[in-house]
Structure formats: structure tokens, C-alpha cells
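Novice: Have a look at this one before I ask anything.
The values are calculated or read from the model by the stated rules, or taken from the named source; none is laboratory data. Note that this is a predicted model, so its numbers are computed, not measured. For neighbour counting, all protein chains shown are included, and Cβ atoms are generated from backbone atoms with ideal geometry for every residue, glycine included. The protein model used for the area step is the full one, side chains on, heavy atoms only, and it has no ligands, DNA or RNA in it. Shrake-Rupley method; radii C 1.70, N 1.55, O 1.52, S 1.80 Å.
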Amino acid sequence: MTDPTKVIVRRVRAEDSVLSLLADFRCADQSADAEIEVERWIQHRLALWAFDPGAAADEPQVLATLDHQTGALIGVFAHEHAVMHVGDVMIQAEKIAVVAVGLDYRRRLDVDNRRYSDIVMSSGLQAIEMRTPPQRRVFGFVHVDNASSFRLLERHSMTRRIPRDAMTQLVTHR
């Protein structure tokens, strides 16, 4: 990819041709173990996670951001209904399962001068907002070494970090 492009963001369905693009989706810096783990999960597990009949109660949803001209997969955003545990408190929330942008689109801008990563993230957050009550929390787990994910989440007001264990932090709005 050399020129900026317009994007299409749409929900992925179980029979969707976009699923065939997941196996070749590349989003990891090969020197970053946390990113490699995310890339492999997308390539091998995302479709199983989203379309497993047992997951239906959590209403998992996958959004694909596609290059309008070529149909290339720019990025994915996946989320589901979940319960967020903070100490002894349980809160109904929406859990971000993954946000990823393909290597060819990282640190690049579209024709409207927006970062592709911000398009993927804001589209996902809008999808959550459209299907959940307004006060519902949004959270995700991020590997402590995944600095690029923390920067993306911070740009979208997900700034509260709560250590989960030595390798992971829970990140939420507010």
C-alpha cells in the first residue's frame, strides 16, 4: 500500500468472505512477543471465538475495516458482553477482545488524514455504543509490553489501568 485510501467498516458474519483474509493478516512486529501473540490469535482463533455456538450469549461481534479500492483487510476490532471484575466488584461491561491494524497501514493516514488505527478503534467503540446502555463500561486486557496498544487506547479515553497480573493490565474508560 502506498497511497492513502478510503475505508469500509462492516460487521463480519459467520459465512463472510472476509474470514478468509484472517489467516494471512499480519499486524505484528516480529520482535514483539505480545504482538505476535495477538497476530496468531487473529489468524487461528478469532473466527472460532466469534462464531462458536457456545459464545452466542456473550454476543461476540467482529468488525472488519477494509480498503475500499482493493478489499484488503486494514484492521479488526472484536468485542463481547462480559463482566468486569475490579476487586470484589462485578460490573456488566463490554470487553474488547482485540484491536489490530495491519502492518501496511500502521502509522499511516487515510485520504481524510485520519490514522487507520484510530478509524478501527473509533468504529469499534461506536459499534459498542450503538448496542449497549450508555453507562456500560468498556474494558480490555493489554500486555504490559504492548506500548502501541496503550497509546491507541489512551487516544480513545481508555486511560484507567488496573494491574491484573505481572504481564497484563485491565484498561477501562474513566
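Novice: Inside segment 83-98, can you point out the residues that are small (Gly, Ala, Ser) and either surrounded by 19 or more Cβ atoms within 10 Å (Cβ to Cβ) or modelled with pLDDT of 95 or more (or both)? Reasoning before the result, please.
Specialist: First, pick out the residues of segment 83-98 that are small (Gly, Ala, Ser): 87, 93, 97.
If the condition is that a residue be small (Gly, Ala, Ser) and either surrounded by 19 or more Cβ atoms within 10 Å (Cβ to Cβ) or modelled with pLDDT of 95 or more (or both), then Ala93, Ala97 are the ones that fit.
Novice: Please work out which one of (1) touching a Gly at 6+ places or on another chain (Cβ under 7 Å); (2) open to solvent by 30 Å² or more (accessible area, probe 1.4 Å) is the condition Gly75 fails and give its number.
Specialist: (2)
Novice: Ala64 - would you say it is in contact (Cβ under 8 Å) with a residue 40 or more places away in the chain, in a strand (DSSP E or B), within 20 Å of Ser149 (Cα to Cα) and open to solvent by less than 20 Å² (accessible area, probe 1.4 Å)?
Specialist: Details: in contact (Cβ under 8 Å) with a residue 40 or more places away in the chain: yes; in a strand (DSSP E or B): yes; within 20 Å of Ser149 (Cα to Cα): yes; open to solvent by less than 20 Å² (accessible area, probe 1.4 Å): yes.
Spelling it out, Ala64 is indeed in contact (Cβ under 8 Å) with a residue 40 or more places away in the chain, in a strand (DSSP E or B), within 20 Å of Ser149 (Cα to Cα) and open to solvent by less than 20 Å² (accessible area, probe 1.4 Å).
Novice: For segment 101-131, give me the residue count where each residue is under 16 Å from Glu80 (Cα atoms) and either open to solvent by 90 Å² or more (accessible area, probe 1.4 Å) or not in a helix (DSSP H, G or I) (or both).
Specialist: 3
Novice: Something else: So in segment 132-143, with the set limited to residues that are open to solvent by 30 Å² or more (accessible area, probe 1.4 Å) and free of Cβ contacts under 8 Å to residues at least 60 places away in the same chain, which one is nearest to Met84 (Cα to Cα)? Don't jump to the end; show me each part of the working.
Specialist: Step one: of segment 132-143, the residues open to solvent by 30 Å² or more (accessible area, probe 1.4 Å) are 133-137, 141, 143.
Within this subset, residues satisfying the condition of being free of Cβ contacts under 8 Å to residues at least 60 places away in the same chain are 133-137, 141.
Details: Pro133: 15, Pro134: 16, Gln135: 14, Arg136: 11, Arg137: 8, Phe141: 11 Å.
Of everything passing the filter in segment 132-143, Arg137 is nearest to Met84 (Cα to Cα).
Novice: Which of the residues spanning segment 1-27 are farther than 23 Å from Arg114 by Cβ and surrounded by 13 or more Cβ atoms within 10 Å (Cβ to Cβ)?
Specialist: Going residue by residue through segment 1-27, those that are farther than 23 Å from Arg114 by Cβ are 13-17, 19-20, 22-24.
Selection gives Asp16, Leu19, Leu22.
Novice: Check Arg160, Arg151, Arg115, Arg131 and return the single one that is touching a strand residue (DSSP E or B) at 6+ places or on another chain (Cβ under 9 Å), farther than 23 Å from Arg11 by Cα and not acidic (Asp, Glu).
Specialist: On the way: Arg151 fails: touching a strand residue (DSSP E or B) at 6+ places or on another chain (Cβ under 9 Å); Arg115 fails: farther than 23 Å from Arg11 by Cα; Arg131 fails: farther than 23 Å from Arg11 by Cα.
Answer to the check: Arg160.
Novice: Mind listing whichever residues of segment 32-59 are open to solvent by 100 Å² or more (accessible area, probe 1.4 Å) and either of a type in the set (S, T, N, Q) or outside any helix (DSSP H, G or I) (or both)?
Specialist: Listed by number, the list holds a single entry, Arg45.
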